[in-house]
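Novice: Quick one: structure below, then a few questions.
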Number of protein chains: 2
Amino acid sequence: MTLADTTEAAERMALTLAQGGMQKATARVMAAFLFADTDSVTAPELAEQLGISSGSVSGAIKMLSTVGLIERAPAPGSRREHYRLRYGAWATLMSAQNGIVQAMFEAADEGIAAAGPDSPAARRLEEMRDFYGFMFRELPTLVERWHAERKQPSR
Amino acid sequence: MTLADTTEAAERMALTLAQGGMQKATARVMAAFLFADTDSVTAPELAEQLGISSGSVSGAIKMLSTVGLIERAPAPGSRREHYRLRYGAWATLMSAQNGIVQAMFEAADEGIAAAGPDSPAARRLEEMRDFYGFMFRELPTLVERWHAERKQPSR
DNA sequence: CAGAGTGTTCAAAGTTTTCTGAAGACTTGG
DNA sequence: CCAAGTCTTCAGAAAACTTTGAACACTCTG
């Protein structure tokens, strides 16, 4: 558990997040939040630690705040804004992903309307619409179950 | 349900797929498979219809085959390879996404080892690991339920 | 087993996305 | 209400990713 170890683990984490579609600088900032030794971090700290510009940090913080992964932390007596990971951040992220599922569902539905009934395309698109419809209904349920189980881990 | 309508719907579908992380040419090819009037399509047909190079089509077909969205279709009496959408393609795609979930879980687990126990980082990473562990267990179950309900839609 | 017809690969060009850095806007303490 | 410190914006630079197209490889058919 040396400093180098955590840095390396953080970088690997950033790579994984980037794989999931997050842009590189934002992913590194996110990883820094996860691995921070303190409860909250400031923008200049991130910029120096990661060797990126203040502009990039600003953009990353804006993005991460928008999707609900981080939040402003109260920091009395400090002029700088402090930020920290939000509780339940991952469930929030998953819910955001659900937006893509919804978009797929809607695209399929529009496709069926455009292709007309009884065409081969319509049959294919119906399978797609039904699948994403199912997922769109079930994913929020799954996230709720996570919340429920988290509060009551024993059982 | 004019030709223009389906073309437009297909392009919108391609955009949605691209949003989900698929590269543009591949997404357009995928959309073409969905909206095709015939059961199977050939590479040159795709190239001409979409106005892209044969190289791009080849790459797209390779990628879509790899993730299990399309398959070779038997086409007796034709020299060209025919391809078509696979049955259950969407469930397959969702299962592939599960790989990212697994990567997240593993990254969190490695992070905990690197950060050491009882650190603030470890607590954050444990929440992450537990969440993705839960999802990794539950998503395949969900896909199975989809398959089951699909075979028995009335109930 | 030769040759025409297909399919694939890959270096280079083009396009898009991302990052930087400096200028300007905002906020807060004095 | 001024001034110092902090944050955001945005045009341009850099990097990453896509696509092309031509050369090569493969596969049937006659």
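Novice: Please list, in order along segment A:92-97, the HN-Hα scalar couplings obtained from phi with the Karplus expression 6.51 cos²θ - 1.76 cosθ + 1.60 (θ = phi - 60°), rounded to whole Hz, x for Gly and Pro.
Specialist: 4, 4, 4, 4, 5, 4
Novice: What residue among A:ALA60, A:ALA113, A:ALA32 shows peak mean-square fluctuation when chain A is described by a Gaussian network model with Cα springs under 10 Å?
Specialist: A:ALA113
Novice: Between segment B:1-40 and segment A:112-145, what's the alpha-carbon centroid distance in Å?
Specialist: If we compute the Cα centre of each part, the gap is 16 Å.
Novice: Dividing the alpha-carbon Rg of segment A:90-155 by 2.2 N^0.38 Å yields what?
Specialist: So segment A:90-155 has a normalised radius of gyration of 1.48.
Novice: Here is a further query. From the label point of B:GLN49, set 7 Å from Cα along Cα→Cβ, how far away are the matching label points in the other copies, in nm, ordered shortest to longest?
Specialist: 5.1
Novice: Using a 10 Å cut-off around each Cβ, can you sort B:VAL57, A:VAL143 from fewest to most neighbouring Cβ atoms?
Specialist: Lowest count first: A:VAL143, B:VAL57.
Novice: Find, among the GluC sites (Glu not before Pro) in segment A:1-107, those assigned to loop by DSSP (not H, G, I, E, B) with at most 15 other beta-carbon atoms within 10 angstrom.
Specialist: Those satisfying the criteria are A:GLU81.
Novice: May I ask you to list the chymotrypsin sites (Phe, Trp or Tyr not before Pro) in segment B:46-155 that are in a DSSP loop and have at most 14 other Cβ atoms within 10 Å of their Cβ? Write out the running numbers ahead of the final one.
Specialist: Values: sites: B:TYR83, B:TYR87, B:TRP90, B:PHE105, B:PHE131, B:TYR132, B:PHE134, B:PHE136, B:TRP146; in loops: B:TYR87.
Here the chymotrypsin sites (Phe, Trp or Tyr not before Pro) that fit, given the DSSP loop and packing criteria, are B:TYR87.
Novice: On a straight-distance basis, which lysines could pair with A:LYS24 in a cross-link, Cα separation under 23 angstrom, same-chain partners fewer than 8 positions away excluded?
Specialist: A:LYS62, B:LYS24
Novice: Please give the FRET efficiency for B:ALA148 paired with A:ASN98, using the beta carbon to beta carbon distance and R0 = 22 Å, rounded to the nearest 0.05. Working shown, then result.
Specialist: Details: r = 22 Å, r/R0 = 0.99.
Taking R0 as 22 Å, the efficiency between B:ALA148 and A:ASN98 is 0.50.
Novice: Show me, for segment A:108-120, the HN-Hα J-couplings you get by feeding each phi into the Karplus relation (A = 6.51, B = -1.76, C = 1.60, θ = phi - 60°), rounded to Hz, glycine and proline as x.
Specialist: Each residue's phi maps through the Karplus curve to give 5, 4, 4, x, 4, 4, 6, 7, x, x, 6, 8, x Hz.
Novice: Would you mind listing the distances between the B:GLN23 label point and the same position in each other copy? Use 7 Å along Cα-to-C-beta, nm, one decimal, shortest first.
Specialist: 2.0
Novice: Shielding of B:108-114 by partners, i.e. mean partner chain Cβ atoms within 10 Å per residue?
Specialist: Numbers: counts 5, 1, 6, 9, 2, 4, 13.
If you average over the peptide's residues, the count of other-chain Cβ atoms is 6.
Novice: Something else: Can you give the log10 of the normalised intensity I(q)/I(0) at q = 0.13, 0.15, 0.19 Å⁻¹, computed with Debye over equal Cα scatterers of segment A:37-145?
Specialist: -0.67, -0.75, -0.93
Novice: Moving on to the next point. Rounded to a whole number, what is D in µm²/s for segment A:55-102 from Stokes-Einstein with the Kirkwood radius over alpha-carbon pairs (10 °C, 1.306 mPa s)?
Specialist: 133 µm²/s
Novice: Along segment A:43-50, what does the Karplus equation 6.51 cos²θ - 1.76 cosθ + 1.60 (θ = phi - 60°) give for ³J(HN,Hα), rounded to whole Hz, x for Gly and Pro?
Specialist: 3J(HN,Hα) across segment A:43-50, in whole Hz: 4, x, 4, 4, 4, 6, 4, 9.
Novice: Tell me, what is the Rg over Rh of the protein assembly as shown, with Rh the Kirkwood radius over Cα pairs?
Specialist: Numbers: Rg = 22.5 Å, Rh = 21.7 Å.
Result: Rg/Rh = 1.04.
Novice: In whole percent, what relative contact order does segment A:1-151 give with Cα contacts below 8 Å and a gap of six or more residues?
Specialist: In percent, rounded to a whole number, it is 15.
Novice: Would you calculate, for the protein assembly as shown, the mean residue ellipticity at 222 nm contributed by helices, counting each DSSP H stretch of 4 or more residues as -39,500 (n - 2.57) and dividing by all residues, to the nearest 500? Could you put the intermediate results ahead of the total?
Specialist: Values: 12 runs with 218 residues, N = 310.
Mean residue ellipticity at 222 nm (helix-derived): -24000 deg cm²/dmol.
Novice: Here's a follow-up. Given H placed on each backbone N at 1.01 Å, which residues far from A:ILE70 in sequence or on other chains put an amide H within less than 5 Å of it?
Specialist: Those lying under 5 Å, H to H, from A:ILE70 are A:SER65, A:ARG86.
Novice: Which whole-number percentage describes the relative contact order of segment A:65-155, with Cα contacts under 8 Å and a sequence gap of 6 or more? Let's see the in-between values first.
Specialist: Numbers: 71 pairs, mean separation 20.6, N = 91.
It comes to 23 percent, rounded to a whole number.
Novice: Just flag the trypsin sites (Lys or Arg not before Pro) in segment A:15-81 sitting in loop per DSSP whose Cβ has no more than 12 other Cβ atoms within 10 Å. Kindly include the intermediate steps, with their values, before the conclusion.
Specialist: Details: sites: A:LYS24, A:ARG28, A:LYS62, A:ARG72, A:ARG79, A:ARG80; in loops: A:ARG79, A:ARG80.
Taking segment A:15-81 and a limit of 12 other Cβ atoms within 10 Å, the loop trypsin sites (Lys or Arg not before Pro) found are A:ARG79, A:ARG80.
Novice: What are the label-to-label distances in nm, one decimal and shortest first, from B:ARG80 to the same spot in the other copies, with labels 7 Å along Cα to Cβ?
Specialist: Result for B:ARG80, in nm, nearest copy first: 6.2.
Read-outs throughout are calculated quantities, based only on the coordinates presented, and are distinct from any laboratory measurement. A quick note: this is a predicted structure, and the numbers were derived from the prediction, not measured. FYI the Cβ positions are ideal-geometry reconstructions off the backbone, even for glycines, and counts take in every protein chain you see.
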